[in-house]
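Here's the structure, in structure tokens; my notes come after.
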Amino acid sequence: MTLELFLLLAAALFCIGLFGALTQQSIVMLMMGLELMLGGVILAAATAWHYIAPAATDGQVLIVLAVTAMALEMAIGFAVVTALFRSREVDMTDMAAELKE
């Protein structure tokens, strides 16, 4: 496959994630949109590294670290959302914005 196809796929993932993040009010759906956006950025970075320096392992290590950080971020985010829902039954962004305490 060519560089253009991978970058087009990365841009499509990012745009779908951006649309999801901007249009959804559910916190979980917002986080899923952010996950798609990060996936598009990581795919673009991996594609660029593969075509710029295919023999270098630095890019592969950085991509694995980015995916690991993304997974940890989402796990912590879902834990916070679950705790908010269990304690105050908040599942929408406008409800979460009204929390004072």
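Every read-out reported here was derived from the displayed coordinates using simple, explicitly stated rules and does not represent laboratory data. Just so you know, these numbers come straight off a predicted model, no measurement behind them. Ideal geometry is used to build each Cβ from the backbone, glycine not excepted, and the neighbour counts take in all protein chains shown.
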Got a sec to turn the phi values of region 72-86 into Karplus ³J(HN,Hα) couplings, 6.51 cos²θ - 1.76 cosθ + 1.60 with θ = phi - 60°, whole Hz, x for Gly and Pro? 5, 4, 5, 5, 5, x, 5, 5, 5, 5, 5, 5, 4, 5, 5
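Placing unit charges on C-beta atoms (Lys and Arg positive, Asp and Glu negative, everything else neutral), compute the dipole magnitude of the chain about its Cα centre in debye, rounded to 20.
Values: 3 positive and 9 negative charges, 18 e Å.
In debye, rounded to 20, the chain gives about 80.
Suppose R0 equals 25 Å; then what is the FRET efficiency for Gln25 and Ala45 from their Cβ-Cβ distance, rounded to the nearest 0.05?
Working: r = 30 Å, r/R0 = 1.21.
About 0.25, to the nearest 0.05.
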Share of alpha-carbon pairs per 10 Å distance bin for the chain, given as whole %: 15, 35, 28, 15, 6, 0
Can you compute the modelled spin-label distance between Met70 and Ala53, with each label point 7 Å from Cα toward Cβ, in nm? 2.1 nm
